[in-house]
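Written out below as structure tokens is the structure these notes cover.
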Amino acid sequence: MGFPANGATAAADQQLKFLIYGKTGWIGGLLGKICQAQSISFEYGSGRLENRGSLEADIAAVKPTHVFNAAGVTGRPNVDWCESHKVETIRTNVVGTLTLADLCRDRGLVLINYATGCIFEYDAAHPLGSGVGFKEEDTPNFIGSFYSKTKAMVEDLLKNYENVCTLRVRMPISSDLQNPRNFITKITRYDKVVDIPNSMTILDELLPISVEMAKRNLTGIWNFTNPGVVSHNEILEMYKEYIDPSFTWKNFNLEEQAKVIIAPRSNNELDATKLKKEFPELLSIKESLIKNVFKPNQKTA
């Protein structure tokens, strides 16, 4: 195969050219901005993931050095959509992702695939509050939602593709507090929230790291979250402290939450040791929230 050994940094004189899928999505849009800021040449793919011919045409036209997949079906307004649109979910999240990985492998290209860490839930070996997180090699144990079920399936199959870098994103957060996809924006708009510690991904810090991972040609599965966990209430306390002192919220428990959602939600802690070892500068979730999200948006004195 033409792709370099895992971790072999791209040659300094290699002109990077990224092909990005997910132009209209949140992560895809942010990736384009990062490329512009770093003067990295990039184009968005115009093909549909499930249409192999259109992907082949994209790759032939763009001639990328790396491919990024930030396209996928998460459902609108949330993952409950996937419960009633199972074929559409499979078509993009399973068939489409595998098609892109397969084409990239044939052409010796590393594929950076933004996946999900919502394929685990706290269990006896990884109890809530224990600090024991799920590792990259652990087998997913959460298939409560059809969305998570398809993501676990495709992750397992992608393990066979040595050119794929699978990034397990969780409850993504950015400094754009107006974005409806932002976990903070979501929970500030809910009538009631649960209060459970979870691993989460601060995009402002981690998306530039994913670009660096491409430059280093890193592959395999990575827990793509900031180290540690943070609860809903801890985030809302920060929101109240930095953004809106008058903000109030109400909690409810998982049993009450189950009455207003169709599919159960994943709650877990992922072990970020592997990512922290590769990128020692990586901040803990609470540090990153303050530095990258709340301080830049601070409205309080």
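If we scan the range 140-154, do we find a residue that is open to solvent by 60 Å² or more (accessible area, probe 1.4 Å), at pLDDT below 95 and within 22 Å of P197 (Cβ to Cβ)? Scanning the range 140-154 turns up at least one residue that is open to solvent by 60 Å² or more (accessible area, probe 1.4 Å), at pLDDT below 95 and within 22 Å of P197 (Cβ to Cβ). As a summary of the residue check, R48 satisfies the conditions (1) open to solvent by 20 Å² or more (accessible area, probe 1.4 Å); (2) in a helix (DSSP H, G or I) except for the one numbered (2). Only one of (1) over 20 Å from the mean Cα position of the chain (by Cα); (2) farther than 17 Å from I184 by Cβ; (3) in contact (Cβ under 8 Å) with a residue 24 or more places away in the chain is not met by F247, so which one is it? Against the list (1) over 20 Å from the mean Cα position of the chain (by Cα); (2) farther than 17 Å from I184 by Cβ; (3) in contact (Cβ under 8 Å) with a residue 24 or more places away in the chain, F247 comes up short only on (2). Restricting attention to the range 207-234, the residues that are open to solvent by 20 Å² or more (accessible area, probe 1.4 Å) and over 18 Å from D271 (Cα atoms) add up to 6. The one condition from (1) over 16 Å from the mean Cα position of the chain (by Cα); (2) surrounded by fewer than 23 Cβ atoms within 10 Å (Cβ to Cβ) that T89 does not meet is (2). Out of K291, K276, one residue alone is modelled with pLDDT of 95 or more and either small (G, A, S) or within 23 Å of K135 (Cα to Cα) (or both). It is K276.
Taking the criterion of being farther than 23 Å from D176 by Cβ, open to solvent by 70 Å² or more (accessible area, probe 1.4 Å) and at pLDDT 95 or above, would at least one residue in the range 60-82 satisfy it? Break it down into steps so the answer makes sense when it comes.
Pass one, the range 60-82, residues farther than 23 Å from D176 by Cβ: 60-67, 80, 82.
With open to solvent by 70 Å² or more (accessible area, probe 1.4 Å) added as a condition, the list becomes 61, 63.
Checking the rest, the ones that are also at pLDDT 95 or above come to 61, 63.
Yes, that holds for at least one residue.
Among the residues of the range 197-206, is there at least one that is closer than 22 Å to W249 by Cβ and open to solvent by 10 Å² or more (accessible area, probe 1.4 Å)? Yes, the range 197-206 has at least one match. Taking the range 60-79 as the range and being touching a Ser or Thr at 6+ places or on another chain (Cβ under 8 Å) and farther than 30 Å from G108 by Cα as the test, the residues that pass are G75, V79. Per this entry, R107 is counted among residues that are touching a helix residue (DSSP H, G or I) at 6+ places or on another chain (Cβ under 8 Å), more than 20 Å from R170 (Cβ to Cβ) and open to solvent by 70 Å² or more (accessible area, probe 1.4 Å). Kindly indicate whether R181 is among the basic types (K, R), in contact (Cβ under 8 Å) with a residue 60 or more places away in the chain and not in a helix (DSSP H, G or I). Yes: the conditions hold for R181. Once the range 170-193 is narrowed to residues that are hydrophobic (A, V, I, L, M, F, W, C) and open to solvent by less than 10 Å² (accessible area, probe 1.4 Å), the residue that is nearest to Y242 (Cα to Cα) is I184.
From the list N268, N297, N217, which one is in contact with a Pro (Cβ under 6 Å, 6 or more places away or on another chain) and not in a helix (DSSP H, G or I)? After applying the criteria, what remains is N217.
Quick one: is K149 at negative phi, in contact (Cβ under 8 Å) with a residue 24 or more places away in the chain and of a type outside the set (A, V, I, L, M, F, W, C)? No.
The values are calculated or read from the model by the stated rules, or taken from the named source; none is laboratory data. Computed from a predicted structure; not experimentally measured. Glycine gets a Cβ as well: all are built from the backbone with ideal geometry, and neighbour counts include every protein chain shown. Each accessible area value is taken on the protein alone, full model and side chains, heavy atoms only, with ligands, DNA and RNA left out. Shrake-Rupley method; radii C 1.70, N 1.55, O 1.52, S 1.80 Å.
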